[in-house]
1. ³J(HN,Hα) across the range B:29-45 via Karplus (A = 6.51, B = -1.76, C = 1.60, θ = phi - 60°), whole Hz, x for Gly/Pro?
2. Working from Cα positions, state the angle (0 to 90°, nearest 10) between the long axis of helix B:13-24 and the longest principal axis of chain B.
3. A drop of at least 20 square angstrom in accessible area, chain alone versus all protein chains together, probe 1.4 Å. Which residues of the range A:8-31 meet that?
4. Mind checking the dipole of the protein assembly as shown: about its Cα centre, +1 per Lys or Arg Cβ, -1 per Asp or Glu Cβ, Debye to the nearest 20?
5. With Cβ to Cβ distances under 14 Å as the rule, what net charge do the other residues near B:ASP37 carry (K, R +1; D, E -1)?
6. Given a 1.4 Å probe and the protein chains all in place, what does the accessible area of B:THR11 round to, in Å² to the nearest 10?
7. Between beta-carbons, use under 13 Å as the cut-off and find the net charge around B:ASP63, counting Lys and Arg +1, Asp and Glu -1.
8. For chain A, with all protein chains present and a 1.4 Å probe, just round the carbon and sulfur fraction of the accessible area to a whole percent.
2 protein chains.
Amino acid sequence: MQTTLKVEGMTCGHCEKAVKGALEELEGVEKVEVHLDSGNVEVSHSGVREDKMKEAIEEQGYDVV
Amino acid sequence: MQTTLKVEGMTCGHCEKAVKGALEELEGVEKVEVHLDSGNVEVSHSGVREDKMKEAIEEQGYDVV
């Protein structure tokens, strides 16, 4: 299944990497696509809870809106 | 001695870290201060050539103007 999260504060390739990396570490996450321009983060996964994803992103210092 | 470089494209703390880290790896560099708002990077050093600093920053993907 796919979840799209809206993330605020990502400004550069390092930010993209930090968010992508944190999500990919979650068990059940298969693929992550980050769109810096829109802030949209598309996560393909096998049923990971949205609050787990949110937490992983926030731990990197970004807001999920 | 102190050199101030004007760097373009640093947007976040990761960028700051990348530039600071690259400069600190140069032999003779003693201290680096990055000001994200202005793009000014202040390098305290013992006679490091400015083109070496410029190169180190550009390798991280930023422009020195």
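The values are calculated or read from the model by the stated rules, or taken from the named source; none is laboratory data. Quick caveat: nothing in here was measured; it's all calculated off a predicted structure. A quick note on method: Cβ atoms are made from the backbone with ideal geometry, for glycine too, and the neighbour counts reach across all protein chains shown. The protein model used for the area step is the full one, side chains on, heavy atoms only, and it has no ligands, DNA or RNA in it. Shrake-Rupley method; radii C 1.70, N 1.55, O 1.52, S 1.80 Å.
1. 7, 9, 7, 10, 10, 10, 10, 4, 5, 8, x, 6, 10, 9, 10, 8, 7
2. 10 degrees
3. When all protein chains are present, A:THR11, A:CYS12, A:HIS14 each give up 20 Å² or more of accessible surface.
4. With Lys and Arg at +1 and Asp and Glu at -1, about 20 debye.
5. Local charge sum for B:ASP37: -3.
6. 70 Å²
7. Residues close to B:ASP63 contribute a combined charge of -2.
8. 42 percent
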